[in-house]
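The values are calculated or read from the model by the stated rules, or taken from the named source; none is laboratory data. Since the model is a prediction, treat every value here as computed from it, not as a measurement. Cβ placement follows ideal geometry from the backbone for every residue including glycine, while neighbour counts extend to all protein chains displayed. The protein model used for the area step is the full one, side chains on, heavy atoms only, and it has no ligands, DNA or RNA in it. Shrake-Rupley method; radii C 1.70, N 1.55, O 1.52, S 1.80 Å.
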Amino acid sequence: RAHTPVAKLALRLRTPIDRAPWMLGELSSIFGDRGAESVRLWRSGTVEAAAGWLLTQLRSGKTATLLAYTNGVRVETNAAVRRLAGYPLPGAPATNDWSLPHVPYPAILPYEFMLVLANNTTLNVTNGEVFVVESVAWVDLPHGFNSWLDPHTLLRVKLKERPQPMYVFSDLFDRADHDRNDKNVLGNTYRKRLASLHRIIDTAYDRWVALQKKSPESEEIRGAIDSSDREELHSQFLQAYGDLVPEHFVWATWGYCLTIRKSQGSEWERVGILWDWLLGRSVLAPKGHKLLYTAVTRTQESIDIFVVPDSRDTRR
């Protein structure tokens, strides 16, 4: 396949370029619709057009993704995909029956794509991996946790590719009302919550042990107390609290659109690239061609480039 349009584009991007790829004479012949091995250019591309393209690929059974340079474009694109797919906004009431409790929609729902934003060795997930959600459920917080989190914040998520359920903070998914100039605000909040969770669990464990010493709930706990078996005691405690431990939490967001850097190491059959002003400026900078080379080589079949209207968007 060395002479396919995608391969020709990738080979050219091994060296610096001084203008957009479709403006280079030696690449002018590769752009066009050639089926599964196309490099297509959408000159008047929009975020909505890219979102519609992605949903079309997924509905046809293809693996596909969208790649952006900035987090601002990524957030906007993920929101557009969810909107076109008909998913409700996070936090919207899940029922109009006022005789029932107000139960908001979680940030992510079954069959959606979830992107992991930080490594978790316990759950064997890595930064940049994308998974399909199998099921989600709100978590009823154990006693002592209510002062730490508001209700309808914590989600138990089961992924199709992982047997072990994991926990995510529903309110930490990307939202349009977050300050997208400082993506670290979400990461810092996530890390602070995990630190608080450690402290709360340690306190809950000490209280639990004190209660068990007065009135053990089982013979196993009584034996662990008599033999001072802290490992067994901790194991029994975790069974009582379920798997609500910091090691089973992940920082995640929607996985329809990724930044190019997050996509390294992954492959899809078809890839769409959102070419905004900042990506164009970065690609033409010294060594910037390597960024576009990374994006192009994520595909196994075809590339679609969406030229997003130039808004001089400086969001990172």
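Looking at (1) of a type in the set (D, E, K, R); (2) surrounded by 17 or more Cβ atoms within 10 Å (Cβ to Cβ); (3) part of a loop (DSSP other than H, G, I, E, B), find the lone condition where residue 14 falls short.
(2)
Check residue 13 against each of (1) modelled with pLDDT of 90 or more; (2) out of contact with any helix residue (DSSP H, G or I) (no Cβ under 9 Å at 6 or more places or on another chain); (3) hydrophobic (A, V, I, L, M, F, W, C) and name the one condition it does not meet.
(2)
Of the numbered conditions (1) farther than 19 Å from residue 8 by Cα; (2) open to solvent by 10 Å² or more (accessible area, probe 1.4 Å); (3) touching a Ser or Thr at 6+ places or on another chain (Cβ under 9 Å), residue 258 satisfies every one except a single condition; which is it?
Residue 258 satisfies every listed condition except (2).
Please specify each residue of the range 54-74 satisfying the condition of being in contact with an Asp or Glu (Cβ under 9 Å, 6 or more places away or on another chain), open to solvent by 10 Å² or more (accessible area, probe 1.4 Å) and either polar (S, T, N, Q) or farther than 18 Å from residue 259 by Cβ (or both).
Correct list: 57, 62, 63, 71.
Return the pair list, or none, for Cβ contacts closer than 7 Å from residues in the range 79-91 that are closer than 10 Å to residue 256 by Cβ to residues that are open to solvent by 60 Å² or more (accessible area, probe 1.4 Å), at least 6 apart or on different chains.
Matching pairs, first to second residue: 79/176; 80/48.
For the range 140-163, state whether one or more residues are over 20 Å from residue 246 (Cβ atoms) and part of a strand (DSSP E or B).
Taking every residue of the range 140-163 in turn, none turns out to be over 20 Å from residue 246 (Cβ atoms) and part of a strand (DSSP E or B).
Whether any residue in the range 231-254 is modelled with pLDDT of 95 or more and either open to solvent by 10 Å² or more (accessible area, probe 1.4 Å) or in a helix (DSSP H, G or I) (or both) is what I want to check.
yes
Yes/no per residue for (1) open to solvent by less than 50 Å² (accessible area, probe 1.4 Å); (2) modelled with pLDDT of 90 or more; (3) more than 18 Å from the chain's Cα centre (by Cα):
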{"site": "159", "(1), (2), (3)": "yes, yes, no"}
{"site": "163", "(1), (2), (3)": "no, no, yes"}
{"site": "169", "(1), (2), (3)": "yes, yes, no"}
{"site": "176", "(1), (2), (3)": "no, no, no"}
{"site": "180", "(1), (2), (3)": "no, no, no"}
{"site": "185", "(1), (2), (3)": "no, no, no"}
{"site": "197", "(1), (2), (3)": "yes, no, yes"}
{"site": "202", "(1), (2), (3)": "no, no, yes"}
{"site": "205", "(1), (2), (3)": "yes, no, yes"}
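Cβ contacts < 7 Å: first residue closer than 20 Å to residue 67 by Cα, restricted to the range 118-139; second residue aromatic (Phe, Trp, Tyr) and in a strand (DSSP E or B), any location; separation 6+ or different chain. Result?
130/113; 132/113
Select, from 74, 82, 59, 40, the only residue that is under 27 Å from residue 150 (Cβ atoms) and at pLDDT 95 or above. Give the steps one after another, and end with the answer.
On the way: 74 fails: at pLDDT 95 or above; 59 fails: under 27 Å from residue 150 (Cβ atoms); 40 fails: under 27 Å from residue 150 (Cβ atoms).
Exactly one residue qualifies, and that residue is 82.
From the set of residues in the range 1-19 that are of a type in the set (Gly, Ala, Ser) and free of Cβ contacts under 8 Å to residues at least 12 places away in the same chain, which is farthest from residue 288 (Cα to Cα)?
Let us first name the residues in the range 1-19 that are of a type in the set (Gly, Ala, Ser), namely 2, 7, 10.
When the remaining residues are screened for being free of Cβ contacts under 8 Å to residues at least 12 places away in the same chain, the result is 2, 7.
Values: 2: 23, 7: 19 Å.
By that ranking, first place goes to 2.
(1) open to solvent by less than 30 Å² (accessible area, probe 1.4 Å); (2) over 18 Å from residue 129 (Cα atoms): which one isn't true of residue 78, the others all being true?
Among (1) open to solvent by less than 30 Å² (accessible area, probe 1.4 Å); (2) over 18 Å from residue 129 (Cα atoms), residue 78 violates only (2).
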